[in-house]
Amino acid sequence: METQRDEVYERIPWETLEKRSGDRQWMVYLASGAVVVGALAFSFARNQPPAAAPATGQTLVETASTASPVPAATAPVAIAAAPEPVAPMVVAEADLYAVDPERLVDLVSAQAEWFTVEFISVDGTEEGTRALQSLLPRGAPLPEAPEGVQVFVDWVETMQVSQTGPTTYRVDVIARSLSSGDGEAFTRRPSMVVTVDVEVTDDGLPRVIGLPVISDVMTAPQADVAIVDLPADLAGRVGPDTGRVVGGLQRADGSWAVVVMGKGADGVARPTLVYP
């Protein structure tokens, strides 16, 4: 018979054998939450717009103390650059070729008409003398007028402009003047043609070159039309208030125009046309 053994069992901490599932779940929750928060922070940082750099020519105003940050609402102050001096425009001869010819014609015509007015006028004033001197070539003599004579231009008009060089033009200006002797009444003088040579300079301005040539106006040939008796049925269509009927003018298409002595506001009756 075997000897009976006495077995001694130490106390077993049964609580250590219990499941710790509750602690592990909280750790999983905390780790998941940290991952989610990190992902949201990273996404937010990526979606923020980059800070705008100051534009060229602008300087940000710094605060006196570097310890205090500049408020976000402070806007940068732009320092405007000094404007560059503008050089005077110079028109090269080649550029003049590209200008509309009609504009150049108007330019030289205006200069020639202005010169003609100053050249013919004699008013005895220093202002008129200075104006003519500024238009004449250097050293050119001024017009000489007898004592008490005055001349004023009635009207001027350009007849013809012809180009004589790359930048030079010859302008024929027709003009008519009124003149008066010492204490006499003004008299209208016959029309004259003043031929003026004008040059367009490199700066695009016209100037008179040389001295003008003055000639008489050529008489234009009379038009091949005639005032004839008007048919009786047409004469009756014109009212008496229009003016006295003096004849008629038949046109190329066979129609008629009535010629009447129409009185103007100045009281002068002049032959005019009326279409019945």
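What follows draws every value from the coordinates through simple rules; no lab data is involved. Because the structure is predicted, anything quoted here is derived from the model rather than measured. So basically every Cβ, Gly included, is an ideal-geometry build from the backbone, and we count neighbours across all protein chains shown.
Things to note:
- Sorting the segments 214-222, 189-197 by their residues' average number of neighbouring beta-carbon atoms within 10 angstrom, most packed first, yields 189-197, 214-222.
- Rg then Dmax, both in Å and based on the Cα atoms of the range 93-216: 15.7, 54.
- Note on T168/Q133: beta-carbon distance plugged into 1/(1 + (r/R0)^6) with R0 of 25 Å gives a FRET efficiency of 0.65.
- Projected-area mean, the range 110-176, by convex hull of Cα positions, square nanometres: 5.3
- Anisotropy class of the range 149-230 from Cα gyration tensor, a/c 1.5 cut: oblate
- By the equivalent-ellipsoid construction on the alpha carbon gyration tensor, the range 232-274 comes out with semi-axes of 20, 12, 7 Å, ordered largest to smallest.
- Taking a point 7 Å from the Cα of K263 along the Cα-to-Cβ direction, the residues of the range 234-256 with backbone N closer than 12 Å to it are 241-244.
- Residues whose placed amide H lies under 5 Å from that of G204, excluding near-sequence neighbours: V91
- Sorted largest first, extent of the range 172-276 alpha carbons per principal axis (Å): 65, 44, 27
- Relative packing of peptides 170-177, 150-157 - highest average C-beta neighbours within 10 Å first: 170-177, 150-157
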